[in-house]
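Have a look at the structure below before the remarks.
The values are calculated or read from the model by the stated rules, or taken from the named source; none is laboratory data. These figures come from a predicted structure and were not determined experimentally. Note that we place each Cβ from the backbone using ideal geometry, even for glycine, and neighbour counts take in every protein chain shown.
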Amino acid sequence: GAVVSQHPSRVICKSGTSVKIECRSLDFQATTMFWYRQFPKQSLMLMATSNEGSKATYEQGVEKDKFLINHASLTLSTLTVTSAHPEDSSFYICSAETGVGTEAFFGQGTRLTVV
Amino acid sequence: QKEVEQNSGPLSVPEGAIASLNCTYSDRVSQSFFWYRQYSGKSPELIMSIYSNGDKEDGRFTAQLNKASQYVSLLIRDSQPSDSATYLCAVYFYFGNEKLTFGTGTRLTIIP
């Protein structure tokens with residue numbers, strides 16, 4: 001299957017700082033990537049859809065000014081958690097589709113801990 | 001509201017038996033269906049995709065799709081302890097909500 005690489009896999013940051021997470025499609029071009037958040041023992045929660053060359057589409061209840069998404073190329077999307085707080089601590093996962101309606105492949109995920 | 005529903009479990013199955021995971025969805029025009037496996041602390045990985053009615057087999061895994069009943073299932077034959085994970089059903093909804101929608105997942109435990 002297609003490979004999606006996410007970096008970093010784990011990050012600890014101080015409250016009030018910003019953290020950037022990268023998501024790359026290594027062997028295919030992804031016009032659309034997705035960002036999810038998952039709290040322990042809970043299901044995936046879609047945060048936003050990232051579209052190459054345009055603004056991201058955020059799900060209801062997700063603050064776009066806090067979770068900045070940039071999809072500057074067909075192989076890279078970034079999620080920046082701004083002014084992080086302990087309640088932002090979670091498992092963040094990106095995915096990318098090879099085409100509309102086809103399989104989505106996930107990155108390895110980023111475990112964010114805000115202290 | 002497009003929805004995907006799964007029994008959250010936990011589902012316990014003896015090693016070597018068949019594990020049966022079920023999923024229902026709300027939209028009759030859905031065309032793409034997927035099963036993902038997620039180990040604790042890891043991201044989901046794709047197991048099977050199915051696009052047409054009937055069965056699709058891949059090794060020990062069989063996906064079954066019944067569009068008339070809006071039902072998709074995953075069978076795992078000869079269950080192994082390594083199959084213990086949460087299994088996520090995902091459906092691609094078209095027309096107004098073009099994105100992959102996940103169920104909440106079924107936690108499967110294979111008992112040695």
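I'm told B:Tyr39 meets every condition in (1) over 12 Å from the mean Cα position of the chain (by Cα); (2) within 27 Å of A:Cys23 (Cβ to Cβ); (3) modelled with pLDDT under 95 except one. Can you identify the failing condition by its number?
Checking B:Tyr39 against (1) over 12 Å from the mean Cα position of the chain (by Cα); (2) within 27 Å of A:Cys23 (Cβ to Cβ); (3) modelled with pLDDT under 95, the one that fails is (3).
Look through B:Ser40, B:Ser30, B:Ser26 and report the one residue that is touching a residue at least 24 places away in the same chain (Cβ under 8 Å), among the hydroxyl-bearing types (Ser, Thr, Tyr) and exposed (fewer than 13 other Cβ atoms within 10 Å of the Cβ).
From the options B:Ser40, B:Ser30, B:Ser26, the qualifying one is B:Ser40.
Could you please let me know if B:Ile18 is more than 27 Å from A:Cys94 (Cα to Cα) and not charged (D, E, K, R)?
yes
Does B:Ser52 count as more than 9 Å from chain A (Cβ to nearest Cβ), in a loop (DSSP other than H, G, I, E, B) and free of Cβ contacts under 8 Å to residues at least 40 places away in the same chain?
Answer is yes for this residue.
Restricting to strands (runs of 3 or more DSSP E) lying wholly in chain A: which have 2 or more residues that are touching a residue at least 60 places away in the same chain (Cβ under 8 Å) and within 11 Å of another protein chain (Cβ to nearest Cβ)?
Hits in chain A: A:4-7, A:32-38, A:90-97, A:104-106, A:110-114.
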